[in-house]
Amino acid sequence: MLKNNIKTIRKSKGLSQEALAIKLNVVRQTISKWEQGLSVPDAEMLISISKIFETPVSTLLGENISESKTDDLKTISEKLEIINLQLSQRKKDKRKITNWLLISFCIIIIVIFIVLVLLNSLYLNWDYSNPENSVLGVTFHSFEWLFVRIAPIILIVLIIGIFINKKKD
């Protein structure tokens, strides 16, 4: 199928994965993933590949390169539709993962705030004559001071990110 056809045509044209990647402005690993079937090029990239290979898109998408089929617009559009649906599903999955990561970071920030409030800056009552307590107290105070000033901004940005991510769905 597509992965075998890309590899076969690339080799028949005498191109390495690196050379093809340079012509398509992608990294070599992208070509490798296409040839292993781990990912597929989008419609625009298929057109670029067909131009470089001087081969119709239908040949790239066809079952067998040796079979010379006439360009059937319906067949090509159906295969492109399937590829676009796969890409669309991947984008949705990435959005879901991003959304959960944003929510997780919000929860982590809120939990840290609660812990800091519950601790009520106990380090202020420490015996600073002991060097270890002194260093630990200053470190904890620095973290708390920085966190209290930066975390609300980060929390607001994360919440905005969640809403923007939800709107894209």
(message) Go through (1) without any contact (Cβ under 8 Å) to a residue 12 or more places away in the chain; (2) buried (at least 17 other Cβ atoms within 10 Å of the Cβ); (3) among the polar types (S, T, N, Q) for N25 and report which single condition fails.
(response) (2)
(request) Enumerate the helices (runs of 4 or more DSSP H) found wholly within the range 50-169, keeping only those where 2 or more residues are modelled with pLDDT under 85 and either touching a Pro at 6+ places or on another chain (Cβ under 8 Å) or not assigned by TED's automatic domain parsing to the domain that holds G37 (or both). (result) 73-119, 131-168
(request) Determine whether D42 is surrounded by fewer than 17 Cβ atoms within 10 Å (Cβ to Cβ), of a type outside the set (A, V, I, L, M), farther than 30 Å from I164 by Cβ and modelled with pLDDT under 90. (result) no
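Please enumerate the residues belonging to the range 16-38 that are assigned to a loop (DSSP other than H, G, I, E, B) and under 11 Å from I49 (Cβ atoms).
V26
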(message) Here is a check on your reading of the model: is Q89 surrounded by fewer than 16 Cβ atoms within 10 Å (Cβ to Cβ) and closer than 27 Å to I159 by Cβ?
(response) yes
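The values are calculated or read from the model by the stated rules, or taken from the named source; none is laboratory data. No experiment lies behind these values; they were computed from the predicted model shown. Because the Cβ atoms are built from the backbone with ideal geometry, glycine has one as well, and the counts that use them run over all protein chains shown.
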